[in-house]
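Any read-out appearing in this document is the output of simple, stated calculations on the displayed coordinates, not a laboratory observation. Quick caveat: nothing in here was measured; it's all calculated off a predicted structure. Please note: Cβ atoms are built from the backbone with ideal geometry, for glycine as well, and neighbour counts cover all protein chains shown.
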Amino acid sequence: MQDEIHLKVLRLLQDSPQLNQREMAEALGVSLGKTNYCLKALMDKGYVKMQNFMSNHNKLAYSYLLTPKGISEKAHLTAQFLKRKLAEYEALKNEIATLELEVKHHI
């Protein structure tokens with residue numbers, strides 16, 4: 001589950017690095033605290049870095065950028081996520097086929 005939220009954050013940051021943590025939390029559908037915790041973990045692992053816009057009048061303006069290591073991790077997590085979802089899809093297809101047979105035999 002942690003990998004899934006990390007993937008969601010990495011994907012979101014790749015598309016919208018200018019989002020603040022509150023906006024990220026809203027986009028992800030998680031609490032601000034969870035977003036902060038996840039970002040800190042990703043930064044500690046070297047997947048994301050925070051950049052301050054020094055030219056901006058608002059000195060609190062940051063962007064979160066994926067590092068090369070973060071881009072690689074995002075690709076790895078995406079492949080894992082896809083593999084897991086394809087397995088779930090196949091299991092669901094098999095369950096649907098079984099249910100259709102049961103319904104067919106009882107009609």
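Exposure proxy check: D15, D3 ranked by fewest other beta carbons within 10 Å? Please report the intermediate quantities before stating the final value.
Values: D15 9, D3 13.
Listing D15, D3 from fewest to most nearby Cβ atoms yields D15, D3.
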- Message: If you average the C-alpha positions of region 1-56 and of region 72-107 separately, how far apart do those two centres end up, in angstrom?
- Response: 29 Å
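Just how large is the dipole of the chain about the Cα centre, in debye to the nearest 20, putting +1 at every Lys and Arg Cβ and -1 at every Asp and Glu Cβ?
Working: 15 positive and 12 negative charges, 104 e Å.
So the magnitude is around 500 debye.
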- Message: Using Cβ counts within 10 Å as a stand-in for footprinting exposure, how do I96, I71, I107 rank, fewest first?
- Response: I107, I96, I71
- Message: Suppose a student asked you for the relative contact order of the chain, using Cα pairs under 8 Å spaced at least 6 residues apart; what percent would you report?
- Response: 26 percent
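Go ahead and estimate [θ] at 222 nm for the chain from helices alone: -39,500 (n - 2.57) per DSSP H run with n ≥ 4, summed, over the residue count, rounded to 500. Mind dumping the intermediate values first?
Numbers: 4 runs with 74 residues, N = 107.
Taken over the chain, the calculation gives -23500 deg cm²/dmol.
Rank the residues E26, E73 as a footprinting-exposure proxy: fewest other Cβ atoms within 10 Å of their Cβ go first. Show your work: numbers first, answer last.
Working: E26 13, E73 21.
Fewest-to-most Cβ neighbours within 10 Å comes out as E26, E73.
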- Note on the structure: A chain fully extended from K93 to S16 at 0.36 nm per residue, minus the present Cα-Cα distance, gains in nm 24.2 nm
